[in-house]
1. Quick one: count up the residues across the range 291-313 that are crowded, with 17+ Cβ neighbours inside 10 Å and either in a loop (DSSP other than H, G, I, E, B) or of a type in the set (Lys, Arg) (or both).
2. May I ask you to list the residues in the range 92-111 that are of a type in the set (S, T, N, Q) and not in a loop (DSSP other than H, G, I, E, B)?
3. From the residues in the range 268-281 that are in contact with a helix residue (DSSP H, G or I) (Cβ under 7 Å, 6 or more places away or on another chain) and in a loop (DSSP other than H, G, I, E, B), which one is farthest from residue 75 (Cα to Cα)?
4. Would you tally the residues in the range 187-205 being crowded, with 20+ Cβ neighbours inside 10 Å and either assigned to a loop (DSSP other than H, G, I, E, B) or touching a helix residue (DSSP H, G or I) at 6+ places or on another chain (Cβ under 6 Å) (or both)?
5. Just to be sure I understand, how many residues within the range 35-58 are under 23 Å from residue 120 (Cα atoms), free of Cβ contacts under 8 Å to residues at least 60 places away in the same chain and among the polar types (S, T, N, Q)?
6. When the range 206-225 is examined, which residues are found to be over 12 Å from the mean Cα position of the chain (by Cα), under 14 Å from residue 177 (Cβ atoms) and either surrounded by fewer than 22 Cβ atoms within 10 Å (Cβ to Cβ) or of a type in the set (Gly, Ala, Ser) (or both)?
7. Keeping to the range 114-128, report how many residues are touching a residue at least 60 places away in the same chain (Cβ under 8 Å), closer than 16 Å to residue 177 by Cα and either surrounded by fewer than 24 Cβ atoms within 10 Å (Cβ to Cβ) or among the β-branched types (Val, Ile, Thr) (or both).
8. Could you tell me whether any residue of the range 103-111 is open to solvent by 10 Å² or more (accessible area, probe 1.4 Å) and of a type in the set (A, V, I, L, M)?
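The values are calculated or read from the model by the stated rules, or taken from the named source; none is laboratory data. The shown structure was predicted, so the numbers you read here are calculated from the model rather than taken from an experiment. Cβ sites come from the backbone with ideal geometry, for glycine too, and all protein chains shown count toward neighbours. These accessible areas exclude ligands, DNA and RNA; they are computed on the full protein's heavy atoms, side chains included. Shrake-Rupley method; radii C 1.70, N 1.55, O 1.52, S 1.80 Å.
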Amino acid sequence: MSTLAAAEDANCRTTPGATRPFYPGDSAGETYDSTFHNSVAVPPGLYSGGFVPQGLAYWNNWDGTSEDVLLISAYHSSGDGASAIWGIALSGPRRGESLGHMLIPKTHAGGVVVTGGHVYVSGEGSVKYWSTATVRAELAGANTNKVIQPKGTQDIAGKGSFLGLGGGEGTTLWTGDFSDTSHQSMWQYSTSSTGALTYTGKKRWVPTKTQGMAVVGDKYIFATSLGRNKRSNVWVRPTSYETDITDGTAFCMRAPSMMEGLAYGNSDGNEHVWALFESGAEPYGSDPTTLNKITNIHWAGGSELAGLYGQGD
């Protein structure tokens, strides 16, 4: 009998790995440990600057030199400071190096995507966006403490708890809601040359406690989590399904604690899904109850991860 999805669902694959995992703390699960791997580290300046990472985006050939980067959206743990977009070199001779940050107006910064010549950051029921030229110039510059105002701000359906690229033809994105008690929805928007968004009419279910999502071919990938002392889950589900998500309509595996944003892209000819964690930030990193204090981004092969759908949980 199918049961509703939860942040840490008993029906997800939970068998721990036989050896120490590649990340701090105990193994979240054998399937996760064999599917995901270490990627580049979150910039240490993000942590020391008091930021908490939330959203993750892939930016192919960001500066015309064939260098790919990952962007991280983060809020300031003080509750009062500006939020930020951080960059990390993902390919080329600078791989793993921090590009520093671009400060943006205060927001929870739950999601970030790069599409259609713009960088979008969501939170508090709206999406703020900047031209890629602006973000590129700021990350390649001196990383000043000046807050860069957005080119535009647009209200959206729901809270904008996370963002993900739309997948398929055209430049679209998904934005959706987080709830720790019930399933919520995500909505698809098309982008324009000016950055403005238009609702496409597509609305889909998302699992309880969704923190991030990505589209890989004809599969949705969801990251769900809540709490430093609970494991996360990774869900794989066909994009064709419009009904409520259950264990009967998705594959689920246990994952390390405090998983946040997901990003999908093709870097150096390899299709990857990258996963971000907030557990390396304060106060989680210094708390002994945090199960997995992760300071690296993780990656999985896109086809391998999407191909888990149909296997038993």
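1. Final tally of qualifying residues: 8.
2. Across the range 92-111, the qualifying residue is only 98.
3. 280
4. Going through the range 187-205 one residue at a time, the tally reaches 1.
5. The initial filter retains those residues of the range 35-58 that are under 23 Å from residue 120 (Cα atoms), namely 40-43, 45-47, 49-58.
Checking which are free of Cβ contacts under 8 Å to residues at least 60 places away in the same chain leaves us with 43, 45, 49.
Of the ones still in play, those that are also among the polar types (S, T, N, Q) are none.
Final tally of qualifying residues: 0.
6. Across the range 206-225, the qualifying residue is only 208.
7. The qualifying residues number 2.
8. Yes; the residues of the range 103-111 include at least one that is open to solvent by 10 Å² or more (accessible area, probe 1.4 Å) and of a type in the set (A, V, I, L, M).
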